[in-house]
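The structure appears below as structure tokens.
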Amino acid sequence: MREAGLYNLIFWMAVVVFVLVEGLLLFTALRFRRRTSDGIPSQIHGNTRLEIVWTIIPVLILIVIAVPTITTIASASTIPQGPDVLKVTVIGHQWWWEFRYPDLGIVTADEMHIPVGTKVALTVESADVIHSFWVPRLAGKIQAIPRRQNEMWLQGDEIGEFYGQCYQLCGTSHANMRFRVFVQSKADFDAWVKDQQAVPAPPTDPEAAKGAQIFQSKACVGCHTIAGTNAKGTIGPNLTHFGSRTTIAGAMLEKTDANLAMWLHDPPGVKPGSIMPNLGLTDDEIKALVAYLDSLK
Ligand code: HEC
Ligand SMILES: [Cu+2]
């Protein structure tokens, strides 16, 4: 990353300056310290050549810092374009993140997948209050502001899982508004895209089929979308491929059956202030819903 290169350049220049200045200081303090009581040393005043030198050296140092700083700022703020750039729209919600891939027709939540070594242009928005999108190991922060589209770009240079966090106090569960970025090999990413674009088949397992029915008959459909069904709500995360995720509820919890059951049992109890209400589901209904949601790969 260019930012890291710039940081290292400035850091090592500062180290050299520090060692030189402190070294000279120590050297003169020791070498010219008062040894005997030989009275006041001869007094000198002003040295034009010295003063010119110690004015010019810092000017040169600042120029060496300024040139790469300005070019790095320019490159960081120029949103890349073209067919090789992956576009993702990031939408902050209280208290989870939505990721839309406009060119690929994919909508997901909590987890953003990107291919390694590829420039990703992000359009960052908010559905309610001001949030801030931040993946510390991948890029700087940018605010998600209602009715505004902020732009930034990032690139994952190594394959792995990177943690993100909302960085703008946005309400009760601000600290529970996390997300993950999966930087994948080109092949893994393409496979993920294909899976996400497919419409999941209706469940065949009886428990999951029961869950599908419960989902359709409850308020779930008003807030969640599942492609290929009547669920078209947009208040909560799109659950079309929920089974392929590794985390739930703004990456607050690992996606295990136990955590999912706990969530469905009482969302505001798990995540203070949760927009998803406690729907008073029975243990039986929860069991069927978990089977159904898991089947949505
Ligand atoms: C009033 C709207 C609303 C209703 C009704 C609702 N949900 Fe939610 N749901 C949400 C919101 C909002 C979230 C995100 C909460 C968060 O992470 O802060 C959510 C999160 C979830 C999640 C976790 C998804 C993820 O990717 O993290 C699941 C699973 C879920 N809901 C299932 C259900 C089921 C099943 C029902 C019906 C029994 C239901 N929801 C009813 C709004 C709703
Ligand atoms: Cu937030």
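Annotations for the structure displayed:
- Region 31-95: chymotrypsin sites (Phe, Trp or Tyr not before Pro) falling in loop per DSSP and having at most 12 other Cβ within 10 Å: F32
- Total formal charge among the other residues, if their Cβ is under 14 angstrom from that of M177, Lys/Arg +1 and Asp/Glu -1: 0
- Here the extension length gained between R2 and T28 equals 5.5 nm, from 0.36 nm per residue of separation less the Cα-Cα distance.
- Near P102, once Lys and Arg are set to +1 and Asp and Glu to -1 for all other residues with Cβ below 14 Å from its Cβ, the sum equals -2.
- J(HN,Hα) series, region 26-33, from Karplus relation 6.51 cos²θ - 1.76 cosθ + 1.60, nearest Hz, glycine and proline x: 4, 4, 5, 5, 7, 5, 10, 6
- The alpha carbons of region 109-148 occupy a box of 32, 18, 17 Å along the principal axes, longest dimension given first.
- Förster radius 51 Å - calculated FRET efficiency between T36 and V129, Cβ distance, rounded to 0.05: 0.10
- Cα gyration tensor shape of region 210-256, rounded if a/c is under 1.5, else prolate or oblate by comparing a/b with b/c: prolate
- Average Cα contact separation per residue, the chain, under 8 Å, 6 or more apart, as relative contact order %: 14 percent
- Among the listed pairs K87/K186; K210/K271; K87/K141; K141/K194; K119/K141, those beyond 22 Å (Cα-Cα): K210/K271; K141/K194
- Computed as a quarter of the hull surface, the mean projected area of the alpha carbon convex hull for the chain stands at 23.5 nm².
- The HN-Hα couplings worked out from phi for region 108-122 by the Karplus form 6.51 cos²θ - 1.76 cosθ + 1.60 (θ = phi - 60°) are 9, 9, 6, 9, 9, 9, 9, x, 5, x, 10, 6, 10, 8, 9 Hz, whole numbers, x standing for Gly and Pro.
- Selection of GluC sites (Glu not before Pro), region 118-219, meeting DSSP coil and at most 16 other Cβ within 10 Å: E158
- The portion of the accessible surface of the chain made up by carbon and sulfur, rounded to a whole percent, is 62 (1.4 Å probe; DNA, RNA and ligands excluded).
- Whole-Hz Karplus values for region 54-68 come out as 7, 8, 5, 4, x, 4, 4, 4, 5, 5, 4, 7, 5, 4, x Hz, taken residue by residue from phi with 6.51 cos²θ - 1.76 cosθ + 1.60 and θ = phi - 60°; glycine and proline positions read x.
- Accessible area per residue for region 114-198, computed on protein heavy atoms with a 1.4 Å probe, is 50 Å².
- Residue with peak Gaussian network fluctuation, the chain [Cα springs, cutoff 10 Å], from L62, L50, L20: L50
- Cβ-Cβ FRET estimate between D284 and A219, R0 fixed at 22 Å, reported to 0.05: 0.80
- Per residue accessible area in Å² of region 206-295, where ligands, DNA and RNA are left out and the probe is 1.4 Å: 44 Å²
- Residues whose amide H lies under 5 Å from that of T118, counting only those 5 or more places away or on a different chain, are G156; hydrogens are built 1.01 Å from N in the peptide plane.
- Alpha-carbon centroids, region 250-270 and region 194-217: separation in whole Å: 20 Å
- Cα gyration tensor, region 77-206 - rounded (a/c under 1.5), prolate or oblate: oblate
- Placing a label point 7 Å from the Cα of K87 along the Cα-to-Cβ direction, the residues of region 104-143 whose backbone N falls under 14 Å of that point are 104-106, 120-124.
- Here each label is just a point 7 Å from Cα along the line to Cβ, and for E254 and A66 those points are 5.3 nm apart.
- Kirkwood hydrodynamic radius (C-alpha pairs) into Stokes-Einstein, region 133-226, 20 °C and 1.002 mPa s, D in µm²/s: 126 µm²/s
- Projected-area average for region 206-295 over all orientations - Cα convex hull basis, square nanometres: 5.2 nm²
- Note on the chain: with a GNM built from Cα contacts shorter than 10 Å, the maximum mean-square fluctuation among S217, S244, S173 falls on S217.
The values are calculated or read from the model by the stated rules, or taken from the named source; none is laboratory data. All values derive from a computational prediction rather than experimental measurement. So basically every Cβ, Gly included, is an ideal-geometry build from the backbone, and we count neighbours across all protein chains shown. Please note that ligands, DNA and RNA were not included when accessible areas were found on the heavy atoms of the full protein model with its side chains. Shrake-Rupley method; radii C 1.70, N 1.55, O 1.52, S 1.80 Å.
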